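Presented below is the structure to which this report refers.
The values are calculated or read from the model by the stated rules, or taken from the named source; none is laboratory data. These figures come from a predicted structure and were not determined experimentally. Here Cβ is always computed from backbone atoms with ideal geometry, including for glycine, and neighbour counts include all displayed protein chains.
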Amino acid sequence: MIEIRNVHVTYPVHNGAPKKVLAGINLTIQPGEFIAVVGQTGCGKSTLLRLILGQETPTEGQILIEGQVIDHPDRHRGYVPQKYSLFPDKTVLENIIFGLELEEFGLFNRWTPRYRRRRKIFEAQAHEYLVSMGLHETDAKKYPDQLSGGMQQRVAIAQALIMKPSILLMDEAFSALDPATRREMQRLIREVWKKYKTTILFVTHNTAEAVFLATRVIGLAKTDNVSGSKVAIDALVPPHETPEEVADFARYIESGEVEEYAG
């Protein structure tokens, strides 16, 4: 699904030496994996997601999706940021179908009988995703400022999933939520992953969250300001049944005493 080949990312710095963020990243991600990416602030986790999205290109190396080098975003890679990516002047329903409308009709070709027919189809699909996210159909007519943070993030996930991406990229998507809502959203995204079989990359600072959610944990670690970050941990997550098992494996990941992934 995803191949990251010897990727380096360096950013120019005004009146200073260039800053290397990633250094020699090599990863292969199989279809249907749930990957959690962990690491300290500034180690390049979000940069890695933007590379896979196609929003940025590496300074050196290649990012391939199903064997093709990518250089721009497309509908096959959904993105859910930390801050809710909803349009405040659109209803929940309008937010969810916005991508479908934009892809098929652009911004201006919306005054035709065909648009009205397709809009009804889009709305029916949006209602299905709305319900699958644990929201009510009555929420469809609400505006984002009428929703809680957790509800807004559910809408943002529906907004991404309705495009039927093969890859879903989530950048600290639950970090702004209160603990109870965050646990609820963690359970939801696991169910979404099982239902839609989407390949998910989930960036988080929280190792326990990574272990609870993912089938595999990738840890990025800084070497120094010159060399940038490398993959320090690449571990399959074993099945777990209790919070204690999650906490135990999270401590194991944080210890760094993890054998490299050999699958």
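Of Leu102, Leu93, all but one fail to be surrounded by 14 or more Cβ atoms within 10 Å (Cβ to Cβ) and aliphatic (A, V, I, L, M); the exception is Leu93.
For Glu94, state whether it is acidic (Asp, Glu) and under 16 Å from Leu130 (Cβ atoms). In short, yes.
Among residues of region 208-220 that are closer than 16 Å to Gly32 by Cα, those with a Cβ under 7 angstrom from a residue that is part of a strand (DSSP E or B) and among the aromatic types (Phe, Trp, Tyr), sequence gap 6+ or separate chain, pair up as Leu213/Phe34; Leu213/Phe202; Ala214/Phe34; Ala214/Phe202; Thr215/Phe34. Please tell me if Leu147 is surrounded by fewer than 21 Cβ atoms within 10 Å (Cβ to Cβ) and farther than 19 Å from Asp89 by Cα. In short, no. Is there a residue in region 110-118 that is assigned by TED's automatic domain parsing to the domain that holds Ala156, in contact (Cβ under 8 Å) with a residue 60 or more places away in the chain and farther than 30 Å from Val21 by Cβ? Among the residues of region 110-118, not one is assigned by TED's automatic domain parsing to the domain that holds Ala156, in contact (Cβ under 8 Å) with a residue 60 or more places away in the chain and farther than 30 Å from Val21 by Cβ, which makes the answer no. Consider only pairs whose beta carbons are under 7 Å apart and that are at least six residues apart or on different chains; among these, list those whose first residue lies in region 228-242 and is in contact (Cβ under 8 Å) with a residue 12 or more places away in the chain and whose second residue is aliphatic (A, V, I, L, M) and part of a loop (DSSP other than H, G, I, E, B). These pairs meet every condition: Ile233/Val258; Ala235/Val258; Val237/Ala214. Looking at region 135-149, is at least one residue modelled with pLDDT under 95, of a type in the set (Gly, Ala, Ser) and closer than 30 Å to Gly39 by Cβ? Yes, some residue in region 135-149 is modelled with pLDDT under 95, of a type in the set (Gly, Ala, Ser) and closer than 30 Å to Gly39 by Cβ. Is it the case that region 170-192 has a residue that's surrounded by 15 or more Cβ atoms within 10 Å (Cβ to Cβ) and assigned to a strand (DSSP E or B)? The answer is yes, given that some residue of region 170-192 is surrounded by 15 or more Cβ atoms within 10 Å (Cβ to Cβ) and assigned to a strand (DSSP E or B).
Summed over region 111-142, residues that are surrounded by 14 or more Cβ atoms within 10 Å (Cβ to Cβ) and not in a helix (DSSP H, G or I) total 4. Looking only at residues in region 212-243 that are of a type in the set (D, E, K, R) and assigned to a strand (DSSP E or B), which one is modelled with the highest pLDDT? Looking at the filtered set, the residue picked out is Arg216.
What do you reckon, is Ile35 within 13 Å of the chain's Cα centre (by Cα) and surrounded by 19 or more Cβ atoms within 10 Å (Cβ to Cβ)? Yes: the conditions hold for Ile35.
Candidates in region 67-93 are the residues that are of a type outside the set (A, V, I, L, M), assigned to a loop (DSSP other than H, G, I, E, B) and in contact with a helix residue (DSSP H, G or I) (Cβ under 6 Å, 6 or more places away or on another chain); of these, the one that is modelled with the lowest pLDDT is Tyr84. When Ile35 is tested against (1) in a strand (DSSP E or B); (2) within 16 Å of Ser227 (Cα to Cα), just one condition goes unmet, and that condition is (2).
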